[in-house]
Amino acid sequence: MLRINENRCLTSFLLGRKCVFCGHRKSYRTRRGYRKCFYCRRQKSLKRLRRELLVISAFRRQQTALLTAHDIGIPYQAVKNVYNKLRLQIIRQCEQEAGRMSGEIELDEAYFGGRRKGQRGRGASGKSVVFGLLERDGKVYTKVVDAVSKEILMDIIRRRSRKGSVYYTDQFRSYNSLKRYGKHYTVKHTKLFVRKGRKRLVHINGIEGFWSFAKHGLYNYRGVSKSNFPLYLKEMEYRYNHRKDNLLDQLIRLYFGYEST
Ligand SMILES: [Zn+2]
């Protein structure tokens, strides 16, 4: 049950209208059943190409590896290998794309996973702690942290944002020294400040929106282990930052290493 444009995307690679390795438009089918590119001369068996494209498409839909293996009729481990390679490429891509933020930036921490019972929120045990920065009208950047101390958070803020930016946070005390680094607004209730004719919306709805996006997305994978969590978190960051793009095309490019356009 592929979407029409998704189908078109897959067939354009299979029919050789686009090379998976370099994006070039001319390729031919060899006698051995390989698709070979006129331009980069690389080739791949059509059987394997079809299989890998279907797995990437299932990954795009966040289908579990088990169900995908069953759907396509290939071993679970073969699906797992494609999924793992995609996640590793995604991590590399996220680090490459993460520049230094500027302008208006929302900061927040969130807690993922762990047992239901016990303490919730700050100081909860068994959970993964994540710190996130979101540039308004821009991208989100996340980092799994050991603790939400002032030192750890400020270190990430310094590396990931430009001095003099405008920061929005909640009233957590680890943010107290932010005012020495830029302009700092804390959220009590969403409110509109009008100062010197400039409107400023004090809220962290953007980053909170990302947390619910990530929690919703991770739910599809039912129970991610704490050791694998950073891998899955980056996947969510990538999906969020590219939510307006043709994600399937992007994933195919990441997987086969095709860079241009
Ligand atoms: Zn090529």
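No lab work stands behind these numbers, since they all come straight from the coordinates. Here the structure is a predicted model, which means the values were calculated and not measured. Neighbour counts run over all protein chains shown; Cβ positions are idealised from the backbone, glycine included.
Below are the figures for this structure:
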quantity	calculated
Net lengthening on full extension, residue 95/residue 61 (0.36 nm per residue, minus Cα-Cα)	9.9 nm
Quarter of the Cα convex hull surface for the chain, i.e. its orientation-mean projected area (nm²)	17.0
Shape call, region 4-106: gyration tensor on alpha carbons, a/c limit 1.5	oblate
Lysines with Cα under 30 Å of residue 188, excluding same-chain neighbours fewer than 8 positions away	117, 127, 139, 143, 150, 163, 179, 196, 199, 215, 234
Inter-probe distance in nm under a simple model that places probes 7 Å from Cα toward Cβ, at residue 228 and residue 71	1.7
Estimated 222 nm signal from helices in the chain, with DSSP H stretches of n ≥ 4 weighted -39500 (n - 2.57), rounded to 500	-13000 deg cm²/dmol
Likely footprinting exposure, 161, 227, 27, 149, fewest C-beta neighbours within 10 Å first	227, 149, 161, 27
Whole-Hz couplings from phi, Karplus 6.51/-1.76/1.60, listed for region 152-165; x for Gly and Pro	5, 5, 5, 4, 5, 4, 5, 6, 9, 9, 7, 4, x, 6
Residues 108, 245, sorted so that the one with the fewest Cβ neighbours within 10 Å comes first	245, 108
